[in-house]
Amino acid sequence: MSGARRLLLLGGIALAILGMGYGLWYAVFAEHQELQEIGASLATGFAGAAQRNSELAQTSLVRYREAKYNYERQVDAHGHWIGLAMLLMILGIGFDRLGFSERWKFLLALSLFLGALLFPLGVLLQTLNHGPIPRALAILGSALVIVALAAVTIGFARSRTST
Amino acid sequence: MIKTPSSTKSLFLRHDMASFAPLSARRLLVLGGITLILVGMFFGDIFAVFVLHQNAARVGRSLSRAAHAAIAGDDSAVRSSFQDVGAFLENRGTKVDTHVHVIDFGYLALLLAILQPHVAFAESRKRRFAWLFLLGGVLLPVGVFLIHYVGLLYSPLKSIGWASIFADVGGLFVIVATLSYLAGLWKHFQSAERISVQDELMADRSASGRMLLVGGLLLVLVGFAHGAYYAAADLYRHEAADYTILSHLAAGAAERNTVAVDQSLADYGQLQGDKAVKIAAHTHIIEFGLLAMILMFFQPYVSFSETWKLRWAGVFLLGSVMLPLCVLLELQYGLLAGGLADFAGLLVILALLAMWIGILRYTGHLDAAAGAPE
């Protein structure tokens with residue numbers, strides 16, 4: 001088995017476990033509390049409006065925005081890690097059919113693995129830091145995956161033509 | 001019917017009698033995995049037709065009640081309306097989670113089935129992990145589905161009910177089984193005999209397999225490009241609009257401005273619809289692409305003629321393109337696009353069911369050959 005295939009298969013399973021482990025931790029320790037915060041802050045915001053207390057309404061809606069921002073990113077990171085892990089494993093299984101040299105195959109596998117790791121990580125880090133670095137990490141990760149996947153598609157098409 | 005030359009066929013059957021034997025880990029994971037996907041897709045179609053839109057309308061009505069209660073200064077009615085919103089959203093959320101998890105466990109089961117010859121454990125051990133995986137793959141979605149109905153009844157915990165606990169146990173089973181297979185793979189890579197593992201599934205270069213591979217890759221690529229475009233053009237705009245519209249809604253209610261409240265409610269409904277169709281199109285096109293690529297590996301097990309395998313692959317890909325496209329068009333064309341999306345979902349389910357039946361026929365051939373005298 002080539003290094004590229006091994007990287008995609010082992011890396012894919014490891015990422016799937018990371019994604020599932022994170023999902024399990026999140027479901028047990030954080031999700032319910034976060035969903036309660038979303039619901040409670042929204043209800044308090046409108047209760048504030050009913051009491052003509054615009055300050056309470058505004059601060060509650062800001063809390064709602066923050067909680068929803070975090071919740072959506074946590075769920076996205078969990079889903080994307082597992083989804084990308086499955087893509088790595090599928091590609092890993094059939095990677096020997098790719099019409100490229102071993103060196104190129106390894107570079108593509110590395111790019112796919114790094115992209116699959118970094119993109120959800122960047123999304124997740126946005127919950128801790130609203131600055132440009134996590135966003136740049138997510139963009140870099142997604143670009144690595146998309147470019148490598150486009151090259152893999154060409155590689156499979158080449159191998160098909162050559163056979 | 002298998003249309004391969006008899007000598008090749010018997011050689012292939014002999015090889016698969018070991019790797020695809022009755023109740024072997026691979027057979028359990030293949031048939032169990034496709035069953036999970038079929039159940040998840042069927043559940044998704046039922047949910048889309050009978051629950052999704054009705055539930056969204058109920059959420060909208062409750063939000064409207066909350067806003068109008070705020071105009072009237074009725075604090076308790078506001079809170080009670082938001083309790084309804086929370087219940088409707090939980091109902092929707094748990095059903096979406098059930099749909100997604102059961103399908104994803106099916107995908108993972110199929111991937112683990114492909115990897116079985118490389119897992120360096122005894123067959124009996126691999127079979128136990130396969131049962132554990134499938135048990136977890138059923139327990140988690142069933143637990144998630146029941147969360148809305150069981151709630152906190154008899155729960156020993158403050159915010160987590162029994163259904164959630166069982167769902168988490170199911171998730172743990174899946175993680176343990178997957179980790180064990182990873183350990184088996186690691187052991188295989190460390191062993192000296194790893195080069196001797198041969199798998200007929202990897203040698204398939206049939207036209208239906210190629211069609212599924214290239215079609216699947218293109219679907220995934222289009223889905224990624226659409227996701228990147230969504231993240232760049234819509235994600236932050238949607239998030240900002242969500243907060244702004246709700247702020248206007250609350251401010252309008254505080255000022256007793258019914259016109260402003262009704263306008264904000266309409267804007268909010270439009271925003272949620274726009275967001276929902278874009279995310280649904282993105283996830284479905286990628287999921288179908290991944291599934292097409294996974295199914296490519298199992299084409300040697302689908303016991304139909306190559307012509308019929310090509311037809312079912314075509315039906316699968318047609319449904320996979322149509323569904324996300326029609327979902328995207330739902331905001332412009334309403335029920336017509338929604339109906340077509342449901343029909344496309346049915347095409348995908350039919351094609352997958354046909355492949356499942358083809359694999360079941362293959363197991364019949366194998367078992368009959370295993371029982372026949374030499």
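Some observations on this one:
- A Gaussian network model of chain B, with springs between Cα atoms under 10 Å, assigns the largest mean-square fluctuation among B:SER19, B:SER155, B:SER208 to B:SER155.
- Accessible surface buried by the B/A pair amounts to about 5500 Å², both sides summed, 1.4 Å probe.
- Per residue value of the accessible surface for chain A (all protein chains in place, 1.4 Å probe), Å²: 41 Å²
- Three-way shape label, region B:14-193, alpha-carbon gyration tensor, a/c 1.5: prolate
- For the protein assembly as shown, the alpha-carbon radius of gyration amounts to 1.03 times the rule-of-thumb value 2.2 N^0.38 Å expected for a compact globular protein.
- Size of charge dipole - region B:284-374 - debye, nearest 20, with Cβ of Lys, Arg +1 and Asp, Glu -1, no other charges: 140 debye
- Checking the Cα-Cα distances for B:LYS126/B:LYS187; A:LYS105/B:LYS278; A:LYS68/B:LYS95 against a 22 Å cut-off, the pairs over it are A:LYS105/B:LYS278.
- Other protein chain Cβ atoms within 10 Å, averaged over every residue that makes up B:88-100: 1
- CD proxy at 222 nm, helix term only [per DSSP H run n ≥ 4: -39500 (n - 2.57); per residue of chain B; nearest 500]: -29000 deg cm²/dmol
- Degrees, to the nearest 10: B:75-115 long Cα axis against longest axis of chain B: 10 degrees
- Taking the C-alpha atoms only, the angle from helix B:162-190 to the longest principal axis of chain B is near 40 degrees.
- Neighbourhood net charge (10 Å Cβ-Cβ; Lys/Arg +1, Asp/Glu -1) for A:SER2: +1
- Per-atom-type breakdown for the protein assembly as shown gives carbon and sulfur 68% of the accessible area (1.4 Å probe, protein chains only).
- Distance between the C-alpha centres of region A:95-163 and region A:3-69: 27 Å, rounded to the whole angstrom.
- Shielding score for A:79-88, defined as the mean number of other chain Cβ atoms within 10 Å: 4
- For region B:119-156, chymotrypsin sites (Phe, Trp or Tyr not before Pro) are listed when DSSP marks them as loop and at most 12 other Cβ atoms sit within 10 Å of their Cβ; the list is B:TYR154.
- Per residue value of the accessible surface for region B:14-193 (all protein chains in place, 1.4 Å probe), Å²: 44 Å²
- Viscosity 0.890 mPa s, temperature 25 °C, Stokes-Einstein D of chain B from Kirkwood C-alpha radius, µm²/s: 106 µm²/s
- Per residue accessible area in Å² of region B:306-374, where ligands, DNA and RNA are left out and the probe is 1.4 Å: 51 Å²
- In chain A, helical runs assigned H by DSSP with n ≥ 4 each contribute -39500 (n - 2.57); averaged across all residues and rounded to the nearest 500, the mean residue ellipticity at 222 nm is -30500 deg cm²/dmol.
- Our summary gives chain B a relative contact order of 21 percent, counting only alpha carbon pairs under 8 angstrom and 6 or more residues apart.
The values are calculated or read from the model by the stated rules, or taken from the named source; none is laboratory data. Remember, it's a predicted structure, so these values are computed and weren't measured experimentally. Cβ: placed from backbone, ideal geometry, glycine included. Neighbour counts: every protein chain shown. Only protein heavy atoms, including side chains, enter the accessible area calculation; ligands, DNA and RNA are left aside. Shrake-Rupley method; radii C 1.70, N 1.55, O 1.52, S 1.80 Å.
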